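Working notes, beginning with the structure itself.
None of the figures in this text is laboratory data; all of them are computed from the coordinates on show. Keep in mind that what you see is a predicted model, and the values were worked out from it rather than measured. Glycine gets a Cβ as well: all are built from the backbone with ideal geometry, and neighbour counts include every protein chain shown.
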Amino acid sequence: MARKTPPVAKQVVEAQLSSNAYLKARLIDFDTGSALLEEQHKTWLRQQIEQARRNSMYRIRLVGYASRLGDVAQNLQLSYMRIDQVLKFLEAIDGQAGDRVETFRAMGDNADWYEASDDSAIWRAVEVHIFIGDDEPTPPPPNIKPYHHRRQPLPGGARYTEWEVASPGGVFVAEVFGGGFNIFYIRNPRLNETRGYLQPVLGAGASLSLSGFKMVWRIIQQLVTGWQYAKPDFTAVKSRLPVTWEEIEDCLVRVSSAGAGIGVAGVSYAVVTFTAAGVWRYNENEYPLKLPGGELFQFHAFGKNFQVGGGASVALGPLHRVDG
């Protein structure tokens, strides 16, 4: 279909809005009255989203523009349509793009810095900013307004701040550096659901250990496959952020502990910290973004516990679900 306005040679230019985005550009020269992407737009978008999707923490900001030529209401709708076309193209490449985008419209349709008859290619545009990594995106400029029809739900389903955690035991063997495992049960009291986890750990410390794989394996079987000695004592914790089961399971857990004993006769003291790799939450414009979660909660445990040997250690590791 023939264009209404002759195309310009360069349809992807430097971004005009200031931000700390790692990848950014202004896609200009949409045809007059049209939201269809040009081939130069598609090429740039494809290259950038392929780069961004290699990092799980990318975020997207889209700002739609329309010239002042013609009806104000139609131009406003046209800026929305241009945003939607860019977003649909990105989602076709990476299905997660729609969950990581915030959209805005520029105040171009009633701005006073250019003439009402100005239909320049620079105003028929969408500006794209892609933020990669853990840095918080800089706030948008004051002359653009959020565009969304309703608050999108956070991905992952129901979220909770009230949890209960039990750590019935573990093994850590070290001569300065070492490794081992911890056992955790996590309960969601609202759902009355409990899940069990084995946490392989690496860390630093000094400890003594009973030798022999059979002893270690017997303890793992006792702790993971059922509460054969006694039901563990759960500690109620409150997460700093509302989180899903999946976000809890993605945590890194740090255990700073000291104890001594053999089998069920041991005593121990531990400080356990759950740190989330990423948590979905709303930004200041009510858009869902996956951001670093940081420390969710910490609790102290002291008392009778399963021990192999004695000593002190600081260990860190992920959780691996073992009960289904």
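Here are the numbers for the structure shown:
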quantity	calculated
Restraint check, K88/K238; K24/K290; K10/K88; K145/K238, Cα-Cα greater than 28 Å	K88/K238; K145/K238
Estimated FRET transfer efficiency when R0 is 35 angstrom, pair A236-N55 (beta carbons, to 0.05)	0.50
DSSP beta bridge pairing in region 12-146, given as percent antiparallel to the nearest 5	75 percent
Full-extension gain in nm, Q74 to V314, via 0.36 nm per residue minus C-alpha separation	80.2 nm
Residues R3, R281 arranged by fewest to most Cβ contacts within 10 Å	R3, R281
Length gained when the stretch Y282-T5 is fully extended (0.36 nm per residue, less Cα-Cα span)	95.7 nm
Extension reserve of the D134-K42 stretch, reckoned as 0.36 nm per residue once the Cα distance is removed	30.4 nm
Environment charge of L241, counting only residues whose C-beta is closer than 11 Å and scoring Lys/Arg +1, Asp/Glu -1	+2
Dipole axis of region 12-146 (+1 Lys, Arg; -1 Asp, Glu on Cβ), positive-most option in W44, I83, Y58	Y58
